[in-house]
1. Tally Lys and Arg at +1 and Asp and Glu at -1 over the other residues with C-beta under 14 Å from the C-beta of Phe212: what net charge comes out?
2. Gain in length, Ala140 to Ala21, computed as 0.36 nm per residue apart minus the alpha-carbon separation, to one decimal in nm?
3. Nothing charged except the Cβ atoms of Lys and Arg (+1) and of Asp and Glu (-1): what's the magnitude of the dipole of the chain about its Cα centre? Round to the nearest 20 debye.
4. Please report the net charge: other residues with Cβ closer than 10 Å to the Cβ of Arg146, K and R +1, D and E -1.
5. With only Lys, Arg, Asp and Glu charged, each at its Cβ (+1 for the first two, -1 for the last two), find how big the charge dipole of segment 18-159 is about the Cα centre; round to the nearest 20 debye.
6. Over all alpha-carbon pairs in segment 18-159, figure out the percentage whose distance exceeds 21 Å.
7. Starting from the Cα gyration tensor of segment 164-303, take the square roots of the eigenvalues, sort them a ≥ b ≥ c, and report rounded, prolate or oblate (rounded when a/c is under 1.5, otherwise prolate if a/b is larger than b/c, else oblate).
8. Using alpha carbon centroids, what distance separates segment 229-250 and segment 48-83, in Å?
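None of the figures in this text is laboratory data; all of them are computed from the coordinates on show. Quick caveat: nothing in here was measured; it's all calculated off a predicted structure. Cβ placement follows ideal geometry from the backbone for every residue including glycine, while neighbour counts extend to all protein chains displayed.
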Amino acid sequence: MTDTTSPPGSLIGLDGQIQWAGLLLGPGTPFQIDREGLTGWADLPALDTSDADRPTAHGAWPGARWARPRSVSAGIWLLPEAGAGAAPGAPADLLDTFIRAFGTGSVDSEQWLAVRLHGRTTAVRARVTQRTVPTDRRFATGGATRVSVQWTATDPRRYEPEARTVSLGLPRRGSGTTYPFTYPVDYGTPSSGGSGSAVNSGTTETCPVVEFTGPVRRPHLLNHTTGRSLEYDIVLGPGERLTVDTREGTVLIGPRASRLHTATAVSSPEQSFVLPPGENRLDFRALDGDPITSAQLTWRAAHL
């Protein structure tokens with residue numbers, strides 16, 4: 001499931017700093033970024049396209065374009081304290097700290113790689129795919145060395161740290177007009193609720209996590225901006241929660257109980273229910289519900 005709870009880059013306090021696996025790199029640390037900086041951080045990744053060649057004319061029919069994984073690399077100087085007062089074993093300890101942070105970890109796990117540039121922090125979920133540590137004469141005698149690292153982010157989008165949420169309740173019926181009329185006429189209160197908006201302040205579409213909380217029967221969420229909807233033929237009891245991760249394409253009650261099979265014929269594929277940049281107008285409906293019934297979306301603004 002997409003991690004939408006802990007903001008990445010929480011240790012970063014200065015421009016040019018990088019946070020990886022709980023380790024802070026860059027200004028103010030013994031892990032200094034080489035003057036060439038990061039490679040691949042703000043680049044547009046390679047694209048896969050579904051363009052189809054025209055058999056009887058020039059060119060091709062334009063198809064969809066999808067970004068491939070993002071590759072990010074950096075040169076980092078390991079600079080232990082030098083001179084009087086330096087702690088014995090400091091170069092070895094610094095190298096151990098670096099190697100622990102830049103190991104393989106779990107084979108399939110990704111962690112947040114966060115970078116702050118000009119006051120803005122963005123982050124990707126990535127894994128270490130290369131680590132080069134020269135143990136040359138300079139390192140053997142003084143402890144300083146220039147290492148190289150490479151990360152691969154299977155999701156190439158760079159996300160803003162703070163997750164945003166919007167919660168929608170079901171529409172509430174108005175009170176109507178009371179008969180017989182008395183003047184001035186009270187026309188009652190109009191219906192309300194059931195609608196809202198989610199703003200993606202990034203530059204590319206992002207995938208929200210949607211949580212339907214009962215009691216509710218057949219929850220339905222429509223994004224008017226894209227025309228896509230989610231609807232599930234399911235009954236949720238009070239406080240019971242159906243979680244839809246639109247990036248992973250999962251529909252779960254609890255941590256593992258899949259309810260993907262409850263999607264109705266009008267429901268769009270989960271991975272197509274995205275929030276494009278800008279305002280997305282939303283409607284939440286159901287066959288039956290309660291004042292505490294809700295649909296909550298959680299997302300991060302995304303950039304390519």
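1. For residues surrounding Phe212, the net value is -4.
2. Separation in residues times 0.36 nm, less the Cα-Cα distance, equals 40.2 nm.
3. 180 debye
4. -1
5. Charge dipole of segment 18-159: 220 debye, to the nearest 20.
6. I get 52 percent for the Cα pairs in segment 18-159 exceeding 21 Å.
7. Cα axes put segment 164-303 in the oblate bin.
8. With segment 229-250 and segment 48-83 each reduced to a Cα centre, they are spaced 33 Å.
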